[in-house]
Amino acid sequence: MQQKVSLFVPCFVDQLLPEVAVDTVKVLRRVGYAVEFPEDQTCCGQPAFNTGYWDEARPCAEHFVRVFKHADVVVCPSGSCATMVRTFYADLLTTSSLREDAVAVASRTFELSEFLVKVAAVTQVGATFPHAVTYHASCHGLRELHLRDEPLQLLRQVDGLKLIEMARSEECCGFGGTFAAKFADISAAMGDSKAESVAATGAEFVTAIDPSCLLHLQGILGKRHVAARTIHLASILAQESVAQERP
């Protein structure tokens, strides 16, 4: 029987980068998983939670738990949203009747690269991407999920891809959710620093596991006329050569 995963699509992906969700499904199916998409899902509550509005975030978290409580595994193409569920739901829902379910769901929720490498035990997904790529380590994936080498393991196995190390790859890009709106000048300065690091690599693309970071970086890179473009890890892994493509 084919193993099944449930796809959690973050707000940024749903509204601005829907191709990342499509590419995530392509990759998961290619490595042997059936993918279901619960249509009742909504925001995980992270924006309100990070801004201090826990009472407003709690109903979102409870709804998420109800939607995914029967899922065998939940996979998400975003380190920050996976972190919200896995790390912060237990505290947010301390007094909720759904707390035990929240803890159980959290233990079965994974960011995409984390799921592929640590759960599915796969690094070769049959991808082809003949370009020079550098990697930005986003904050939540790095500091909360402790994902350092997992995305790189996947990138190293992509046929034709030249992986170029970026100086200060673990430095924040400056987005930080509402931080970018509250502290715009600081956010822009951090983004400029990251853009300089990207430009110095000479890479054609910069990738990451967080779509929000990539949207922020694309704006900064465009303003600075840096040639590098942003692309989500899932969209690299979804690429196949013409010979590999299925009819």
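The values are calculated or read from the model by the stated rules, or taken from the named source; none is laboratory data. Bear in mind the structure is a predicted one, so any value in this text is a computation, not a measurement. Cβ: placed from backbone, ideal geometry, glycine included. Neighbour counts: every protein chain shown. What goes into the accessible areas is simple: the full protein's heavy atoms, side chains included, and nothing from ligands, DNA or RNA. Shrake-Rupley method; radii C 1.70, N 1.55, O 1.52, S 1.80 Å.
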- Task: Would you mention how many residues in the stretch 18-38 are open to solvent by less than 40 Å² (accessible area, probe 1.4 Å) and part of a helix (DSSP H, G or I)?
- Result: 7
- Val119 vs (1) surrounded by fewer than 19 Cβ atoms within 10 Å (Cβ to Cβ); (2) closer than 30 Å to Ala199 by Cα: all pass except (2)
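Across the stretch 188-208, what is the number of residues that are in a helix (DSSP H, G or I) and buried (at least 21 other Cβ atoms within 10 Å of the Cβ)?
First, the residues of the stretch 188-208 that are in a helix (DSSP H, G or I): 188-201.
Now narrow it down to the ones that are buried (at least 21 other Cβ atoms within 10 Å of the Cβ): 190-191, 194-195, 198.
So the count comes out to 5.
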- Message: Could you tell me how many of the residues in the stretch 143-186 are over 26 Å from Ala227 (Cβ atoms) and either touching a residue at least 24 places away in the same chain (Cβ under 8 Å) or under 17 Å from the mean Cα position of the chain (by Cα) (or both)?
- Response: 11
- Any idea which of Phe68, Phe8 is farther than 22 Å from Val122 by Cα and modelled with pLDDT of 95 or more? Phe68
- Subset of the stretch 67-79, residues over 18 Å from the mean Cα position of the chain (by Cα) and buried (at least 16 other Cβ atoms within 10 Å of the Cβ), comes to Val67, Phe68, Ala71
- Task: Please list, ordered by first then second residue, the pairs with beta carbon atoms under 7 Å, 6 or more apart or interchain, first in the stretch 212-226 and open to solvent by 20 Å² or more (accessible area, probe 1.4 Å) and β-branched (Val, Ile, Thr), second outside any loop (DSSP other than H, G, I, E, B) and at pLDDT 90 or above.
- Result: Val226/Val198; Val226/Ala199
- Given the conditions (1) out of contact with any strand residue (DSSP E or B) (no Cβ under 7 Å at 6 or more places or on another chain); (2) modelled with pLDDT of 95 or more, which single one is not true for Arg148? (2)
- From the list Gln41, Gln15, Gln2, pick out the single residue that is modelled with pLDDT under 95 and closer than 22 Å to Ser212 by Cα. Gln15
- Across the stretch 65-112, which residue is farthest from Asp210 (Cα to Cα) among those that are touching a residue at least 40 places away in the same chain (Cβ under 8 Å) and of a type in the set (Asp, Glu)? Asp72
- Can you name the condition, by its number, that Thr42 falls short on among (1) open to solvent by 30 Å² or more (accessible area, probe 1.4 Å); (2) among the β-branched types (Val, Ile, Thr); (3) in contact with a Pro (Cβ under 8 Å, 6 or more places away or on another chain)? (3)
